[in-house]
């Protein structure tokens, strides 16, 4: 407040000698200023998000290939969309994605909520320990994926050693990244390690938003702790839990970097999530038209699911 | 005093509960830190210690990983190495012990510098654009405001690979492929949606009365924005900037698809650090450790604003 009055005093003196630019802006109405402030962002998003999106839609109707830029482009109509929706490989990729998204979200929500519940007990030093727990989610998913391949090494990796130590099996008897049954779980484990803190942080905000007097009233009514948890804590934290699920669901549906570094989609195509299929089609087999159509289908899917989910979220919030 | 205590104890957890909760959290924190600590330890191991079984917790520290990270080496005969002069510096000595000589610097430093330039460039742009737009959305009546804000957010829902296909073609046409400028613009467009949403929340919290008072004192709207709102929003702007920095620093999908030599950042480079006979784990670990240090610092700085940042400002404390 002090510098406000100080600088306003200066302005009184400065008004007569205002530079031309300032005077011109002074002439601007609020409406003009609003557009002046918002337009640059919109222009950037139009150029780097919307124009490419429109281009993708156009390409998805053609047989264009990025590695044969000079070949004549043929209009194919909705052929690619029909091909993709009936392609068993695409459905396999969608199943892998669904397995990954569902398990990571379930594990992260359960563990994350549990951690938030414990941290909410406000033991001594909870602030410092919370920051430590949050660290994994701030790291680069690609770098995380890369160093987990080291931990997952069958003979020398720490993960295999610890599992061998705890279960008595031999450390080289299983390969987390090379085995068709284990590798889908290997990527779930790394994602859960990285993103459980994210869900925890949002749940913690939910738990802290519940006012004490509600619990006090429940105590007066002699409601058991168990009952309090199910009829106060959980329902009141639910919008926050759903928000966390929404964000994690969308992010993991788009998952590329971490899985690409961990398994590259392998062995075979057992961990080939949708984004990796898309990358292979677009940047390895250079089927640009085909991959554009797949990209549009993915975008519509995530956008549609997110919209339905946001509606449900709002209903819970307004209850 | 005793009445205050009993009134409190209804909702306050008992000391026993607290201790149990505390120990469980500490246990989780320790387990979750093990992979990170392991990478830091590995960066100080010799290649033999890094791949020994059982894994070594106690070892003689070695700087070989860091040396290999920063240099390229070529194998020579011991006779040739004996003809060279005395080793210059620690890395020279370690390399010669392996019957190799330092051939030159590796690509790690240029990639790291690319990361720094692209991250800072895109952050400055995104925060500048984001602050202006956020102020516009916060204070003025903009037609279709909610739709525009939703549109800005929805650009984040596109899978990065889907965006990369047309961007690849577009950049190839206009000559932005594998340039720092191209990556800066791309990261700015991704970050600006976060910046607008976060900063709108921060600016909404600054009372309008401050600007109105300043305008009554003779400020124009623009001056009020610069001299009253911006100083009040400093914390929010700083927090937003750090979030943008972290995103650009960590980004991999666009970097690996759209850059190759010139503008490549560190995340696509670190996994391809290879030594003789497969991956050079101590060097990879050293590269990872150095790359993660800024993030650890940022996380500690940001801890009060983390929640807001990761939810696009949807949840505030």
>> Just to be sure before I move on: is residue B:299 crowded, with 22+ Cβ neighbours inside 10 Å, part of a helix (DSSP H, G or I) and facing chain A (nearest Cβ under 10 Å) in the structure I sent?
In response: no
>> Restricting to region B:200-214, count the residues that are away from chain A (no Cβ under 12 Å) and part of a helix (DSSP H, G or I).
In response: 4
> Is it true that some residue in region B:55-65 is surrounded by fewer than 18 Cβ atoms within 10 Å (Cβ to Cβ), assigned to a helix (DSSP H, G or I), outside the structural domain of residue B:285 (by TED's automatic domain parsing) and modelled with pLDDT under 85?
Replying inline: no
> Could you count how many residues in region B:215-263 are outside any helix (DSSP H, G or I), at pLDDT 90 or above and within 11 Å of chain A (Cβ to nearest Cβ)?
Replying inline: 2
>> I need a count of the residues in region A:48-72 that are farther than 16 Å from residue B:153 by Cα and in a helix (DSSP H, G or I).
In response: 8
>> Given the options B:17, B:72, name the one that is surrounded by fewer than 17 Cβ atoms within 10 Å (Cβ to Cβ), assigned to a helix (DSSP H, G or I) and not assigned by TED's automatic domain parsing to the domain that holds residue B:274.
In response: B:17
>> Can you tell me how many residues within region B:270-293 are surrounded by 14 or more Cβ atoms within 10 Å (Cβ to Cβ) and within 10 Å of chain A (Cβ to nearest Cβ)?
In response: 12
>> For region A:165-180, which positions are without any contact (Cβ under 8 Å) to a residue 60 or more places away in the chain and surrounded by fewer than 19 Cβ atoms within 10 Å (Cβ to Cβ)?
In response: A:165, A:166, A:167, A:168, A:169, A:170, A:172, A:173, A:174, A:175
> Any idea how many residues of region A:19-39 are assigned to a helix (DSSP H, G or I) and either modelled with pLDDT of 85 or more or within 8 Å of another protein chain (Cβ to nearest Cβ) (or both)?
Replying inline: 13
> Only one of (1) outside the structural domain of residue A:294 (by TED's automatic domain parsing); (2) over 30 Å from residue B:226 (Cβ atoms); (3) surrounded by fewer than 18 Cβ atoms within 10 Å (Cβ to Cβ); (4) under 28 Å from the mean Cα position of the chain (by Cα) fails for residue A:42. Which number is that?
Replying inline: (2)
> Since residue B:134 meets every condition but one in (1) at pLDDT below 85; (2) in a helix (DSSP H, G or I); (3) farther than 30 Å from residue A:280 by Cα, which condition does it not meet?
Replying inline: (1)
> Which one of A:278, A:313 is under 14 Å from residue A:94 (Cβ atoms) and in a helix (DSSP H, G or I)?
Replying inline: A:278
>> Under 8 Å between Cβ atoms, which residue pairs at least 6 apart in sequence (or on different chains) link something in region B:49-62 that is more than 10 Å from chain A (Cβ to nearest Cβ) with a partner that is assigned to a loop (DSSP other than H, G, I, E, B) and modelled with pLDDT under 85?
In response: B:49/B:56
> Which condition number does residue A:136 fail, the rest of (1) touching a residue at least 12 places away in the same chain (Cβ under 8 Å); (2) under 26 Å from residue B:295 (Cβ atoms); (3) touching a strand residue (DSSP E or B) at 6+ places or on another chain (Cβ under 9 Å) being met?
Replying inline: (3)
> Can you name the residue in region B:137-176 that is more than 25 Å from residue A:255 (Cβ to Cβ) and in contact (Cβ under 8 Å) with a residue 40 or more places away in the chain and is also surrounded by the fewest Cβ atoms within 10 Å (Cβ to Cβ) among such residues?
Replying inline: B:149
>> Which residue is farthest from the chain's Cα centre (by Cα), if the candidates are limited to region A:201-253 and must be more than 30 Å from residue A:189 (Cβ to Cβ) and touching a residue at least 24 places away in the same chain (Cβ under 8 Å)?
In response: A:210
> Out of (1) facing chain B (nearest Cβ under 9 Å); (2) under 29 Å from residue A:97 (Cα atoms), the odd one out for residue A:189 is which?
Replying inline: (1)
>> Scan region A:55-69 and tell me whether some residue there is within 22 Å of residue B:130 (Cα to Cα) and either loosely packed, with under 12 Cβ neighbours inside 10 Å or modelled with pLDDT of 90 or more (or both).
In response: no
>> Please go through region A:119-133 and give me each residue that is surrounded by 20 or more Cβ atoms within 10 Å (Cβ to Cβ) and either in contact (Cβ under 8 Å) with a residue 40 or more places away in the chain or not assigned by TED's automatic domain parsing to the domain that holds residue A:191 (or both), ordered by number.
In response: A:119, A:130, A:133
>> Going residue by residue through region B:24-44, is there one that turns out to be surrounded by 16 or more Cβ atoms within 10 Å (Cβ to Cβ), in contact with a helix residue (DSSP H, G or I) (Cβ under 8 Å, 6 or more places away or on another chain) and away from chain A (no Cβ under 11 Å)?
In response: yes
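The values are calculated or read from the model by the stated rules, or taken from the named source; none is laboratory data. Just so we're clear, the structure is a prediction, and the values are computed from it rather than from any experiment. Backbone-built Cβ (ideal geometry, glycine too); neighbour counts: all protein chains shown.
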